[in-house]
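S.K.: First the structure, which I've put down as structure tokens, then a few questions once you've had a look.
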Amino acid sequence: MAFLVMLLLVVVPLLVVVATQLWDYAVMRLVWRPDAISKWFREQGIHGPSYGFLNGCNKDIRSLKEETDRLVLDVRDHKYLPRIAPHYLKWRAQYGDPFLYWHGAQARICVFNYELARQILSSKSGHFVKNDVHPNFLALVGNKLGFMEGADWVRHRRIINPVFTIDKLKMMTKTMLDFAETMVKELEHQASRNENGEKQLHISKFFSQLTVHNISHAIFGSSYELGNKVFQAQIDLLRITMEAFLDVLIPGFKYLPTERNQRRWMLERELKSLLTQIIQPRLATSEYGNDLLGVMLDSCIETKQGGKQVDLSLSMDEIIHECKQFFFAGHDTTSQLLTWSVYLLCIYPEWQEKLRKEVFKEFGRESPNPNALNKLKEMAMVLLETLRLYPPALFMQRKAVTDMTVGSIKLPKGISIVIPIPVMHRDKEVWGDDADEFNPLRFKNGITGAAKVPHGLLAFSIGPRSCIGQNFAMLEAKSTLALMLQKFSFTLSPDYVHAPVDMFTLKPKFGLPIFLRPLDKCN
């Protein structure tokens, strides 16, 4: 009898806890809150598609994207939004701007107004934080600087900032040029196999390899071999993430030994093991180096020795997460910037020739001077216009941590705000009637003078959370393009299919095949 009483004393509270959690999840979160939020916004005149129990609008999004995935565009058509964001276009036309929709049970309000975006992204109050991230994506990029808030974010940013100063970037540029020269020599070798010197190849693959080299050296000071293994593990994790992106997140499901979860766990272990292999040899040395890994290790080790304040240190686990994030973002962003820039220079050969003349004017046939890359003004204009039309990151999200009023909109605590970058980059009231067209000259007076608002370009975000690696990406892109333009002319292959796709960054679905021809073979 006593045993039964004790058992009841243990079981009954557990059942109460479980019942409370089920009530909170099944009734409050999945039924009551969606209805309350929909009513909150209807009273403000903001509408959107109906909430579907548990799935929200995910089924509609999946269906629309499956339909538009078959669309193929003309090679000069930059209006790819129906391919990657058909739901945003449909709902904006149907419900106006802004509109409310549902990612599962999570309410999201999509805003298209630059002033609202500025207030949200530039806020230093801490009232807008990064939105909750899919757990599969966190496994891919780590849960650190890009997704941290408050004091933790300040601590990480202070430690990492010195790696991306102008002086440090100039030192890195020499290495960027060395790696780019190696790539160009390989391209020359490929072209030399044909009698006419012309070679068709998927240039996006070369850019991917190049940026793996660069980010491996900049972060780890390590070899391409290990860096490439990290890259492959992250690409496999990205596939799993995209497969599950529109699935309903059921509490506890990520711990079940499903086939997908077991693949994810295996890749997470592999990724951590690879990063540990890179970090451990550095720990055996007396100096950790001045790359990103060295700076983070210095913080970690000196703090353990009492050399620095505890709140300015990073733990080993934090270092591994930061390495994940910088490796993925640093590689993928620049790779896509180079890919889309070459695509645009192929279909606008007059701009390819302008940039080539600019490179020859500044450097002749000599290797570009790292300190003089900032003289390539027209190249900077082309890169910025590429970022406007084909931004690597497509949709920024923030979450209100308290009830807020932005503009005339009253936002409830916990609401997610979506800022669709490629849609806003085509706002004709801000960018002019040619917003859908390629026109690098709009940046002749710099970024702040390119549009009717100084914060028009959102490719690297704005405000305190703007991308810490944007100058690194621009220098890497300039270094690579300068060397390519000195050696080759390039045209688009007829095999190219213009079908941009959203894979967390914007990519050409079937790669970028081009014809490459050494300049000394051109008539």
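S.K.: Using the basic label-point model (7 angstrom from Cα toward the beta carbon), what is the HIS47 to GLN397 distance in nanometres?
M.R.: 2.6 nm
S.K.: Oh, and also: How far apart, in nanometres, would the label points at THR448 and ARG118 be if each is projected 7 angstrom from Cα along the Cα-to-Cβ direction?
M.R.: 1.2 nm
S.K.: Name all residues of the range 484-505 having a backbone nitrogen under 20 Å from the label point set 7 Å from the Cα of VAL72 along its Cα→Cβ direction, giving them as ranges.
M.R.: Only 491-502 fall inside the zone, counting backbone N under 20 Å.
S.K.: Quickly work out the ASN471-to-GLN94 label distance, labels modelled 7 Å from Cα along the C-beta direction, and quote it in nm with one decimal.
M.R.: 4.6 nm
S.K.: What pairs from LYS205/LYS487; LYS205/LYS478; LYS354/LYS452; LYS65/LYS413; LYS59/LYS90 go past 21 Å between their alpha carbons?
M.R.: LYS354/LYS452; LYS65/LYS413
S.K.: Please arrange HIS321, HIS127 by counting, for each residue, the other beta carbons lying within 10 Å of its beta carbon, fewest first.
M.R.: In order of increasing Cβ crowding within 10 Å: HIS127, HIS321.
S.K.: Please arrange TYR390, TYR496 by how many other C-beta atoms lie within 10 Å of their C-beta, fewest to most.
M.R.: Fewest to most other Cβ atoms nearby, the residues stand as TYR496, TYR390.
S.K.: Fewest Cβ neighbours within 10 Å first, please rank ARG260, ARG356 accordingly.
M.R.: ARG260, ARG356
S.K.: For PHE510 and GLU243, what does the FRET efficiency come to when R0 = 22 Å and r is the distance between their Cβ atoms, rounded to the nearest 0.05?
M.R.: Calculated value: 0.70.
S.K.: Quick check: net charge around THR173, other residues with Cβ under 9 Å of its Cβ, Lys/Arg +1 and Asp/Glu -1?
M.R.: The answer is +2.
S.K.: State the extension gain, in nm to one decimal, for the chain segment bounded by ASP495 and THR182, taking 0.36 nm per residue of separation less the distance between their alpha-carbons.
M.R.: The ASP495-THR182 span can extend by a further 110.0 nm.
S.K.: Under the Kirkwood approximation applied to all pairs of distinct alpha-carbon atoms, what is the hydrodynamic radius of the range 437-523 in Å?
M.R.: Computed over Cα pairs of the range 437-523, the Kirkwood hydrodynamic radius comes out at 16.2 Å.
S.K.: With just the Cα atoms defining each centre, how far is the range 446-523 from the range 377-434? Give it in Å.
M.R.: The distance from the Cα centre of the range 446-523 to that of the range 377-434 comes to 19 Å.
S.K.: Give the calculated FRET efficiency between ASP436 and GLU198 to the nearest 0.05, with a Förster radius of 41 Å applied to their Cβ-Cβ distance.
M.R.: It comes out at approximately 0.80.
S.K.: Could I ask something else about it? Would you mind getting me the FRET efficiency between LYS357 and ARG260? Use the beta-carbon distance for r and R0 = 51 Å, nearest 0.05.
M.R.: Calculated transfer efficiency: 0.45.
S.K.: With θ set to phi - 60°, apply the Karplus curve 6.51 cos²θ - 1.76 cosθ + 1.60 along the range 464-475 and write out the HN-Hα couplings as whole Hz, x wherever there is a Gly or Pro.
M.R.: Karplus-based 3J(HN,Hα) across the range 464-475 equals x, 9, 5, 4, 5, x, 5, 5, 4, 4, 5, 5 Hz.
A short reminder: the numbers here are calculations on the coordinates, not readings from a lab. Predicted model, so just to flag it, every value in this text is computed and none were measured. Heads up, the Cβs are rebuilt from the backbone with ideal geometry, glycines too, and the neighbour counts pull from every protein chain shown.
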